[in-house]
C-alpha cells in the first residue's frame, strides 16, 4: 500500500502560460479548436483522448476514456458500440460530460451537454475510413458483455477476418456515433500558486456567454 503522505506530497506548480480576457475567443468552439491545434503542435500524447462521464441505471456516475473523432459547430463526436454500457446509458439518459487534460500545456477543458446519435451517413463514412482490422474488431466484439477468455475473442476475430477478406465489412447496425451538443464549456489554464485561470461558457437564448471563475 502506498503511503498516503507520499500521495499528498505530490505537487506540480503551473507556470507555463496564462489565459486572460484578452486571449478568450467569444465562441468556445473556436477557442477549443485553437487549443486542440496547439495540443497537436505540442505533440501531446493522444490529444483527442477524453473522459466520457455518463449516468448509470442506478443513478451513479460512470466514466471511461474515449477518443474524439470530430468537432462540429455545436458538438463533439465519438464512436462506439450502441449496445455497450455507455451506449445503453446514453439512450436512457442522453446527457454526458467530457474532460480533456493536456498536461504538456497545463490545460483542461470540461464540456457538458445533451447527447444525440450521429447520422447513419456520417457513421458509415467514418467506419469505412477505419483500418480493416478495426472494422473487423467492431464486428468481433460484443462490447461490455462477458467473455470466457481472451481466446474466445481472438478466435472470433480470426474467423471474421477470413470472411471479410473476400467480402469487405460494412458498418454493423449496433455501432455508430454520438454527438455531445455542448451547453457548457470550461477552459482551465494552470497558473502558479493554484491561482488558475478558468473561463466558463454557457449557451443561453441562442448565444454563448462567458465568465471568469475563481480557481
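Every number in this text was worked out from the coordinates using simple rules, so none of it is lab data. Quick caveat: nothing in here was measured; it's all calculated off a predicted structure. Neighbour counts are summed over all protein chains in view; Cβ atoms, including those assigned to glycine, are modelled from backbone coordinates with ideal geometry.
Odds and ends about this structure:
- Over every Cα atom in the range 98-152, the radius of gyration and the widest Cα-Cα span, Dmax, amount to 16.8, 42 Å.
- Förster radius 45 Å - calculated FRET efficiency between residue 91 and residue 205, Cβ distance, rounded to 0.05: 0.95
- Taking label points 7 Å from Cα along the Cα-to-Cβ direction, residue 134 and residue 37 give a separation of 2.3 nm.
- The range 151-191 shape via C-alpha gyration tensor axes, a/c threshold 1.5: prolate
- Ranked by how many other beta carbons lie within 10 Å on average, peptides 78-84, 60-66 from highest: 78-84, 60-66
- Using the average count of surrounding beta-carbon atoms within 10 Å as a protection proxy, the listed peptides 110-116, 176-182 rank, highest first, as 176-182, 110-116.
- 222 nm mean residue ellipticity, helices alone, for the chain (DSSP H n ≥ 4; -39,500 (n - 2.57); rounded to 500): -8500 deg cm²/dmol
- Kirkwood Rh (inverse of mean 1/r, distinct Cα pairs), the chain, angstrom: 19.6
- Whole-Å distance, taken between Cα centres, linking the range 1-53 and the range 192-215: 15
- Tail beyond 15 Å, pair distance distribution of the range 39-80 (Cα, percent): 55
- Debye log10 I(q)/I(0) for the range 53-134, one point scatterer per Cα, at q = 0.14 Å⁻¹: -0.55
- Inter-probe distance in nm under a simple model that places probes 7 Å from Cα toward Cβ, at residue 148 and residue 174: 1.8
- Taking 0.36 nm per residue of sequence separation and removing the Cα-Cα distance, the residue 65/residue 195 pair yields an extension gain of 44.0 nm.
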